[in-house]
Amino acid sequence: MDVHTVYIILISLSLALGIYGVVVQRGANLVRLDFRMSLMAVIWALFELTAALSGYGIGMWILQFELSRESSTFWSHMFAGAIFVAIGVRMLFLAFHQKTFLEHRMENVDIRADVLLSLHLCVHSLCAGIACGILRLRLPVLLGALFVISGAFAVGGYITGRAWGAEPCEKAYAIGGILLCVTGLALQVLRLRA
C-alpha cells in the first residue's frame, strides 16, 4: 500500500466520522429502523461522492495555473495540507461546541431532513476534494473509498444511535478532526523532508 492510498483512507475515514457524528444523533431519535435507513445511507454516500468529485475537478483546475513544477509541488502540498488542517479544526470546533441535543422521537428516517443535513456536510467533502485534486491523488480509489466508508459509517450511525443514543457524536467529530489535522501536518512534514 503506497502513501497516496494511506492518505485516501485517512481522508475518507475522517470525513465518514463527520457523517457518523451527525447520523448517530438522527439514529438516537428513531423508534425503529427500516429500509429508509439504507436508502439514506446511500444518499449520504452519493452526496459525499459528488462533492468530492466536484472538489477534485476544482483542484485540478487550480493546478492549470502552476508556474514552475518544483515550486508548485511544494506550494500545492502546503495548500492541500492547510485545507485538511482547516477542515479538521472545524470538525474539532463542532465536536466541542455542539448545540444542545433535542430529543424528538421519529417513527422512521426523515429523508428530507437528513438530505438537508447531508448537504450541509458536503462542504467538508468539497474542500477535501479540492485538496485531493491539488495533490493529484488517484480519483477512482478516492471515490470508491469515500463511497464505501461513508455509506458504512452512515448505516453504523443509525444503528448505534438507535442502540446507544447520541453520546458517540462528539467523539466521532473529534477523532475525525484529529485525523484530518494529522493528515494535513503529515503532508507538510513529509514534503519538507523530501
Worksheet item: So, with +1 on the Cβ of K and R and -1 on the Cβ of D and E, and no other charges, what is the size of the charge dipole of the chain about its Cα centre, to the nearest 20 debye?
Response: 120
Worksheet entry | Using alpha-carbon coordinates, inclination of helix 35-63 to the longest axis of the chain, degrees | 20
Response to the item:
In Å², rounded to a whole number, the accessible area per residue of the chain with probe 1.4 Å is 50
Discussion item. Please list, ordered by chain and number, the residues whose modelled amide H lies under 5 Å from the amide H of Leu30; skip anything fewer than 5 residues away on the same chain.
Written reply: Met106
Worksheet item: Once you mark the GluC sites (Glu not before Pro) that are in a DSSP loop and have at most 15 other Cβ atoms within 10 Å, what is the longest gap between them in the chain?
Response: 108-194
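How much mean residue ellipticity at 222 nm does the chain get from its helices, if each DSSP H run of length 4 or more adds -39500 (n - 2.57) and you divide by all residues, to the nearest 500 deg cm²/dmol?
Numbers: 6 runs with 160 residues, N = 194.
Using -39500 (n - 2.57) per qualifying helix, the result is -29500 deg cm²/dmol.
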Worksheet item: Carbon-plus-sulfur fraction of the accessible area of the chain, 1.4 Å probe, in percent?
Response: 71
Fill in: Debye log10 I(q)/I(0) for the stretch 1-56, one point scatterer per Cα, at q = 0.12, 0.23, 0.29, 0.31 Å⁻¹
-0.37, -0.99, -1.20, -1.24
Worksheet, complete the sentence: The helix 139-164 Cα axis meets the longest alpha-carbon principal axis of the chain at an angle in degrees, between 0 and 90 and rounded to 10, of 30
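The values are calculated or read from the model by the stated rules, or taken from the named source; none is laboratory data. Computed from a prediction, not measured in an experiment: that's the story for all the values here. Cβ: placed from backbone, ideal geometry, glycine included. Neighbour counts: every protein chain shown. Remember, those area values only see protein heavy atoms, side chains included, never the ligands or the DNA or RNA. Shrake-Rupley method; radii C 1.70, N 1.55, O 1.52, S 1.80 Å.
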